[in-house]
Amino acid sequence: MVSEREVGQRLVELSKEPLVFAGQPPHLVGFIDVKNVTGERLRLRNVSLSGLDRKLVHGGSFGPVQAFGLLGAGERKRVRVRLAVQPQAPPGVYKGKMECAGEQCEVAIHVLESWKLRVSPENLSIKLLPGEKMVRSVHVTNEGNMPYALHRAVFAPLQEKDGLHRAIYTALMEASSQGSDKTLDAFVRELGNREVKPLTVKVKSGGRVLNPGASSRLELEFEGTESLKRHCLYTGSVQFENSNLSFDIEIVDQMATAGKSTTK
């Protein structure tokens, strides 16, 4: 068996078409059409890239790129090549050269747009009075390669936890005393009674645009509405592109929240 690391002579024949990598950072995939021109089995381990834009990779240059393949004598095979670029590599088409076992070909790297945010923490638990405001802090990091514009306010639909089960129970109890033909009417009425207005969540601090690789501490203001019932637990979420900040909010008595309306 021959390895491309063992000899410097021409061992393969490559397709005349350029090798194309495509995908969202940091992992891109390409395929090379390669033929073993030796009379023995050939094991491919990696390829090398050159002439590419330095901002594609940390340090400005690619090391050996893995391209595993085992070809019999004279065999032609399509070999998968995996390429790692930096997560914030700007979208675009980058061209260069690839060398594989003594042969060279053109390379085109298509870096696609990546909208990827990370929110920490991912969950919040909030207790407040109807009409009360509370500010909580979260950190948002842009792990993609596109700038992200932050909204100053978002509406977060709320759902009463176990509200559906309570509505079914109430409807069945009513049906037992008024007749089964009233069950559906009672169930729909109970669901309507448990609906509440969406919560307005305001972004009180942080920049308007989060650039690739940047992180920002955001102050989020939550305000209870009069439609929220005391001692009921509601769940909701705020969407930051692909990332989701979930929260539960409970309306409690004045005594239970004294002095906590400005908690962060």
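How high is the FRET efficiency from residue 161 to residue 61, r the C-beta distance, R0 51 Å, rounded to 0.05?
0.40
With bins 10 Å wide starting at 0, give me the P(r) of region 42-173 over every alpha carbon pair, in whole percents.
Histogramming region 42-173 at 10 Å steps yields 9, 24, 19, 15, 12, 11, 7, 2, 0 percent.
Computed from the mean reciprocal separation of all distinct C-alpha pairs, what Kirkwood hydrodynamic radius does region 2-111 have, in Å? Don't skip to the answer; put the middle values down first.
On the way: mean 1/r = 0.0706 Å⁻¹.
Across region 2-111, the inverse of the average 1/r is 14.2 Å.
What pairs in 116/229; 35/116; 35/95; 77/97; 35/55 have C-alpha atoms more than 30 Å from each other?
The answer is 116/229; 35/116; 35/55.
Once you have the Cα-Cα distance between residue 151 and residue 53, take 0.36 nm times their residue separation minus that, and quote the gain in nm to one decimal.
31.9 nm
Given an 8 Å cut-off on Cα distances and at least 6 residues of separation, report the relative contact order of region 1-146 as a percent.
Details: 341 pairs, mean separation 40.9, N = 146.
Computed over region 1-146, the figure is 28 percent.
Sort 124, 28, 42 so that the residue with the fewest other Cβ atoms within 10 Å of its own Cβ comes first and the one with the most comes last.
Values: 124 18, 28 21, 42 25.
Lowest to highest Cβ neighbour count: 124, 28, 42.
Between residue 73 and residue 29, with labels modelled 7 Å along Cα→Cβ, what's the label distance in nm to one decimal, could you check?
Simple spin-label model gives 3.4 nm for this pair.
What is the dipole size for region 2-111, taken about its Cα centre, with +1 at each Lys and Arg Cβ and -1 at each Asp and Glu Cβ, in debye to the nearest 20?
Around 180 debye, computed over region 2-111.
Each reported figure results from applying straightforward, stated rules to the coordinates on display, with no laboratory input. Everything numeric in this text was worked out from a predicted model, so none of it was measured. Note that we place each Cβ from the backbone using ideal geometry, even for glycine, and neighbour counts take in every protein chain shown.
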